[in-house]
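Novice: Just passing along the structure, written as structure tokens.
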Amino acid sequence: MDRIPSLSVVIIAKNEEACIGRCVESVAFAGEVVVVDSGSADRTMEIAEAAGARVVHALWPGDYSVQRNRADEHARGEWVFQIDADETASMELAEEIAGFFASGLDRSNAAARIPRKEIIFGKWLRYGNFSANLLRLYRKGAGAWHGKVHEHYVTDRAVYAFANHIVHDSYESIHAFVEKYNRYSSIDAEQEFAKGKPFRLYKLFFAPLERFFGRFVIHAGFRDGFHGFVAAAMIGLNYFLRYLKLWEKQYKAAARKAKDFP
């Protein structure tokens, strides 16, 4: 497959040596692949360069959308495709993207949504609202990323829809799932604390149950069997941690104000 000169693939990464090589190789159809590294201590940069990527350095700002917007500045192409280090573009998607540019659809659209196939604990979860259509391909400057975590790209321009998938294989173990959602829940709690949102005891109990019920029952996660149950339970745990961490922040802030806490 010929490379697409007007397309830059951008990957933000940190300590992703286990998957960065596969990711870079899957998007070799682009005119360039740029890995924006925020301080890896492993072989991420070395592996990325060996796979054909250009590596640049950007300190982690503590905000995913800020990092993604900064990362776009390193793209030389007219179009940007942002893909995560633990994702790969399927061969079918690569061919579809090539057709998008060859057919002139890039001239009538400024962005495109791409469906994502979610692999959790080695199984493709078809239910439970884990699948998503993500706006990841866009003309540079057509919009911007928003959201400190669970970030999303926003544009008011025409958006195309691809049929083929990005494959997301991030949660190969319970450990990986807990590690990622521990990080996300900390960022969410920090945001709510900064906004002055009060801790509510009922949310600590009911929000996790609501999320579990929504994923497992309403969105039919039960159809994925025990994998669906575990994934829904882990999402519930994320919300439990989020509100527990908010309580911790508010308790410590109040104790410091009362000089009861060092």
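Novice: Working only within the stretch 231-253, note down all residues that are touching a helix residue (DSSP H, G or I) at 6+ places or on another chain (Cβ under 6 Å) and open to solvent by less than 20 Å² (accessible area, probe 1.4 Å).
Specialist: Ala232, Ile235, Gly236, Asn238, Leu246
Novice: If you check Glu96, Glu92, which single one turns out to be surrounded by 15 or more Cβ atoms within 10 Å (Cβ to Cβ), within 24 Å of Val33 (Cα to Cα) and out of contact with any Cys (no Cβ under 7 Å at 6 or more places or on another chain)?
Specialist: Glu96
Novice: When only residues in the stretch 3-36 that are among the acidic types (Asp, Glu) and touching an Asp or Glu at 6+ places or on another chain (Cβ under 9 Å) count, which is farthest from Tyr171 (Cα to Cα)? Break it down stepwise before answering.
Specialist: Looking only at the stretch 3-36, we keep the residues that are among the acidic types (Asp, Glu), and these are 16-17, 25, 32.
Imposing the further condition that a residue be touching an Asp or Glu at 6+ places or on another chain (Cβ under 9 Å) reduces the set to 16-17.
On the way: Glu16: 13, Glu17: 15 Å.
Looking at residues that are among the acidic types (Asp, Glu) and touching an Asp or Glu at 6+ places or on another chain (Cβ under 9 Å), I get Glu17.
Novice: Same structure again: Output yes when any residue across the stretch 112-122 is of a type in the set (Val, Ile, Thr), in contact with a Phe, Trp or Tyr (Cβ under 6 Å, 6 or more places away or on another chain) and at pLDDT 95 or above, and no when none is.
Specialist: yes
Novice: Test Met45 against the criterion of being touching a His at 6+ places or on another chain (Cβ under 9 Å) and modelled with pLDDT of 95 or more, and give yes or no. Lay out the reasoning, then the answer.
Specialist: Numbers: touching a His at 6+ places or on another chain (Cβ under 9 Å): yes; modelled with pLDDT of 95 or more: yes.
Considered against the rule, which asks whether it is touching a His at 6+ places or on another chain (Cβ under 9 Å) and modelled with pLDDT of 95 or more, Met45 comes out as yes.
Novice: Looking at the stretch 78-93, I want the residues that are over 17 Å from Arg68 (Cβ atoms) and have a partner that is open to solvent by 10 Å² or more (accessible area, probe 1.4 Å) and polar (S, T, N, Q) with Cβ atoms under 8 Å, at least 6 apart or on another chain. Which pairs are those?
Specialist: Qualifying pairs under 8 Å: Glu78/Ser6; Thr88/Ser26; Ala89/Ser26; Ser90/Ser26; Ser90/Asn164; Glu92/Asn164; Leu93/Asn164.
Novice: Given the criteria closer than 19 Å to Glu179 by Cα, open to solvent by 20 Å² or more (accessible area, probe 1.4 Å) and either modelled with pLDDT of 95 or more or aliphatic (A, V, I, L, M) (or both), does Asp63 qualify?
Specialist: For Asp63, the condition - closer than 19 Å to Glu179 by Cα, open to solvent by 20 Å² or more (accessible area, probe 1.4 Å) and either modelled with pLDDT of 95 or more or aliphatic (A, V, I, L, M) (or both) - is not met.
Novice: Could you check how many residues of the stretch 190-214 are of a type outside the set (Phe, Trp, Tyr), in a helix (DSSP H, G or I) and open to solvent by 50 Å² or more (accessible area, probe 1.4 Å)?
Specialist: Matching residues across the stretch 190-214 total 8.
Novice: Considering each residue of the stretch 215-230, count those that are open to solvent by less than 50 Å² (accessible area, probe 1.4 Å) and assigned to a helix (DSSP H, G or I), and give that number.
Specialist: So the count comes out to 5.
Yes/no per residue for (1) in contact (Cβ under 8 Å) with a residue 60 or more places away in the chain; (2) aromatic (Phe, Trp, Tyr); (3) within 27 Å of Gly214 (Cα to Cα); (4) in a strand (DSSP E or B):
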site	(1), (2), (3), (4)
Asp106	yes, no, no, no
Pro115	no, no, yes, yes
Glu118	no, no, yes, yes
Arg126	yes, no, yes, no
Asn129	yes, no, yes, no
Arg136	no, no, yes, yes
Ala163	yes, no, yes, no
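The values are calculated or read from the model by the stated rules, or taken from the named source; none is laboratory data. Only a predicted model underlies this, so the values are computations on that prediction, with no experimental measurement involved. With ideal geometry, Cβ positions are generated from the backbone for all residues, glycine too; neighbour counts draw on all protein chains shown. Each accessible area value is taken on the protein alone, full model and side chains, heavy atoms only, with ligands, DNA and RNA left out. Shrake-Rupley method; radii C 1.70, N 1.55, O 1.52, S 1.80 Å.
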